[in-house]
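Just so it is clear, none of the values below were taken in a lab; they were calculated from the coordinates. Keep in mind that this is a model prediction, so the values were computed, not measured. Using ideal geometry, Cβ is built from the backbone for each residue, glycine included, and neighbour counts are taken over all protein chains shown.
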Amino acid sequence: MPDEASRYYTLLRDPARRKIIELLGEQGKIGFKELRGSLVLGVGTVYYHLDMLSDFITQDKSRKYSLNDRGQLLYRALKDGNVSPALKMGSEALSHRLGRWLFLSPVFAHSAHLRVFLPAAVAVLILGAVGSALAKQEPVFFFYFASTRSFENVALIFLFYWVGLFLLADATIYVLYRRTGGDLQLFACIGVAALPLALFPYVYAMILPYVTALSLPVSFWLPRFVLLILQVWTLLLISSAFSFGKGLRLDRSIIVTLVLLYLNIVILILLGRVI
């Protein structure tokens, strides 16, 4: 196989994507439910693989998937064991690779494997709950505030808000897009997406004493700046979580995230918190 053509096999090294091409090549047109049944994968994971293959597939008015001209060439190449020169593809842009990792798409792509992904999500939530309690930083969804509550109460509040975020997200996705199913996968994805804000209390506990001891002028805004960066990253990961947990396109996932952020601000106003 020529080196210049082997990049296609980098894309297709995942057996699920190879199977999608083979199924579409053999059967012509396939609906999403039939495709998912053949792959035995979660809703969001199937959508992720379809998105990765978007240059090779198309969807008709009945919402059935089929191979386009490039997809037909790729299918024949897979069957013959050779890649046609017409299939040459440039290397993936650096910005695209960075974007995928910014959204942790390669990680969320494995979210259907709940035996591993769900314990990881629970571990992230426990990490955040303990960190919040130790740093005495009380969360209100995506925001933190100094707290005088007991260790146990702060930890429980952290868990309460992230479980609440899952319930709000599930309800919002149903209201906006009538998307059902995949709730456990969505919960696991949201738990993993909480990682940046779960780490903030630990970063806060390390940064603040240092800058305060040195009487640095940045002692006031530095923790807030760090929180802002982690908030933005968390919002991106939450959007990715909706994509893989519920199979939403990223543009729709971002809309849901913005709705939840708006609700978060409304709750802060009702609680009398100052952002």
**Message:** Modelling each spin label as a point 7 Å along the Cα-to-Cβ direction, I'd like the Asp183/Asp55 distance in nm, to one decimal.
**Reply:** 4.0 nm
**Asked** Pairs Lys33/Lys246; Lys61/Lys246; Lys29/Lys61: which are spaced more than 19 Å apart, C-alpha to C-alpha?
**Response** Lys61/Lys246
**Request:** Could you run the Karplus curve 6.51 cos²θ - 1.76 cosθ + 1.60 with θ = phi - 60° over region 15-32 and give me ³J(HN,Hα) per residue in whole Hz, x for Gly and Pro?
**Result:** x, 5, 6, 5, 5, 4, 4, 5, 5, 5, x, 7, 9, x, 10, 9, x, 4
**Request:** Convert each backbone phi in region 54-71 into a coupling constant with the Karplus relation 6.51 cos²θ - 1.76 cosθ + 1.60 (shift: θ = phi - 60°), then list the ³J(HN,Hα) values in order as whole Hz, x for Gly and Pro.
**Result:** 4, 6, 10, 10, 9, 9, 8, 5, 8, 6, 9, 8, 8, 7, 8, 4, 5, x
**Prompt:** Which is the longest stretch in the chain that no exposed loop site breaks, taking sites as chymotrypsin sites (Phe, Trp or Tyr not before Pro) with a DSSP loop state and at most 16 other Cβ atoms within 10 Å?
**Reply:** 1-219
**Message:** Restricting to Cα pairs below 8 Å that are 6+ residues apart, what does the relative contact order work out to for the chain? Please round to a whole percent.
**Reply:** 21 percent
**Calculated from backbone phi, Karplus (6.51, -1.76, 1.60) coupling profile of region 109-118 in Hz, x at Gly/Pro** = 4, 9, 5, 5, 7, 5, 4, 9, 6, 5
**Prompt:** If only Cα atoms are counted, what is the Rg of the chain, and what is its Dmax, in Å?
**Reply:** 22.1, 69
**Request:** Would you please give the residues with an amide H less than 5 Å from that of Ile57, counting only those at least 5 places away or on a separate chain, with H modeled from the backbone geometry?
**Result:** Asn68
